[in-house]
1. Take the residues of the stretch 44-99 that are in a loop (DSSP other than H, G, I, E, B) and among the aromatic types (Phe, Trp, Tyr): which is surrounded by the most Cβ atoms within 10 Å (Cβ to Cβ)?
2. Exactly one of (1) touching a helix residue (DSSP H, G or I) at 6+ places or on another chain (Cβ under 8 Å); (2) at negative phi; (3) modelled with pLDDT under 95 is unmet by Glu62. Its number?
3. Among the residues of the stretch 20-43, is any touching a Cys at 6+ places or on another chain (Cβ under 8 Å) and either surrounded by fewer than 11 Cβ atoms within 10 Å (Cβ to Cβ) or not charged (D, E, K, R) (or both)?
Amino acid sequence: MSSASVDCAQRLRVLADAHRLAILKLLVAGPQYVWQLNHALNLEQSLLSHHLKTLRETGFVESRRDGKAVLYQLVPGVRLGSRDGIDLGCCTLLFRDLP
């Protein structure tokens with residue numbers, strides 16, 4: 001199996017979690033502070049931090065301090081231009097609202 005296939009499988013495994021997928025969907029719309037993500041998802045702070053750490057470690061998101069707040073955004077090149085999706089390298093993931 002090629003290393004690209006392994007990398008893709010690992011990234012898809014990270015996205016198999018509904019909370020991490022929801023975080024990415026919010027970040028496709030633009031950068032968000034941790035408190036904004038927490039408000040939208042209604043997760044315990046420790047659980048949100050765990051998911052954000054996983055997304056950082058796998059190269060989906062990056063963070064920067066803004067005073068005491070932390071702002072998260074998709075890593076440049078992950079977002080699909082003007083489309084509501086992300087580029088996984090091996091495939092693309094499009095977010096669509098369900099009726």
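1. Looking only at the stretch 44-99, we keep the residues that are in a loop (DSSP other than H, G, I, E, B), and these are 44, 58-60, 67-68, 75-78, 80-84, 88-91, 95-99.
Keeping just the survivors that are among the aromatic types (Phe, Trp, Tyr) gives 60, 95.
Working: Phe60: 22, Phe95: 16.
So, considering only residues that are in a loop (DSSP other than H, G, I, E, B) and among the aromatic types (Phe, Trp, Tyr), the one surrounded by the most Cβ atoms within 10 Å (Cβ to Cβ) is Phe60.
2. Of the numbered conditions (1) touching a helix residue (DSSP H, G or I) at 6+ places or on another chain (Cβ under 8 Å); (2) at negative phi; (3) modelled with pLDDT under 95, the odd one out for Glu62 is (3).
3. First pass over the stretch 20-43, keeping only residues touching a Cys at 6+ places or on another chain (Cβ under 8 Å): none.
For the stretch 20-43, residues touching a Cys at 6+ places or on another chain (Cβ under 8 Å) and either surrounded by fewer than 11 Cβ atoms within 10 Å (Cβ to Cβ) or not charged (D, E, K, R) (or both): absent.
The values are calculated or read from the model by the stated rules, or taken from the named source; none is laboratory data. This is a predicted model, so every value here is computed, not measured. Please note: Cβ atoms are built from the backbone with ideal geometry, for glycine as well, and neighbour counts cover all protein chains shown.
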